[in-house]
Amino acid sequence: MSTSTWIDRAKTLGPALRQESAEMTRRWVGFDFSERNDPRRAQALVPLLLMVLVAALAIAALRIDLIRTRYAIAAAMASETNLIEERRALIAQKRHLRDPMVLAVEARERGFRPAVHVFSLPDPSVDGIPRPSIAAAGPTAGDRP
């Protein structure tokens, strides 16, 4: 369809379209929209909107709390991992220090020598009942100078 034919057609249909448009406009003239804008209906929506707002805020608060909890868990897991690694290092160090060869070298470096005289003391208990020793009892009142 060429432009000229479209323009000619619009000119011939123009009055009919204008008349139809006027009829549609007349249908709405005098129509009462006040029933749709009833203030009681708007007041009934206010509590509903407040409930929706409170629910949205509660969901947002729960989400924030969940995110904080996730970060706290991640920090605790990182701390636990560090403590486990530190424990493993301390266990390895303890095993190294308890090695008899390492202990012998450390003793020689610090001047320890094998014992020349070893005394074997008898068991201080008689029939399984331990006797109090004088050294364990401490000084008595008569021992004072």
How many residues does the range 29-77 contain that are at pLDDT 90 or above and among the aromatic types (F, W, Y)?
1
Qualifying residue in the range 121-142 (condition: of a type in the set (D, E, K, R), in a loop (DSSP other than H, G, I, E, B), modelled with pLDDT of 85 or more and exposed (fewer than 10 other Cβ atoms within 10 Å of the Cβ))
no
In the set L53, L57, L62, which member is under 14 Å from the mean Cα position of the chain (by Cα) and either surrounded by 10 or more Cβ atoms within 10 Å (Cβ to Cβ) or hydroxyl-bearing (S, T, Y) (or both)?
L62
Evaluate the range 93-106: report whether one residue or more is surrounded by 10 or more Cβ atoms within 10 Å (Cβ to Cβ) and among the β-branched types (V, I, T).
yes
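The values are calculated or read from the model by the stated rules, or taken from the named source; none is laboratory data. Everything quoted here is computed from the prediction, not taken from an experiment. All Cβ positions, even for glycine, are placed from backbone atoms using ideal geometry, and neighbour counts span all protein chains on display.
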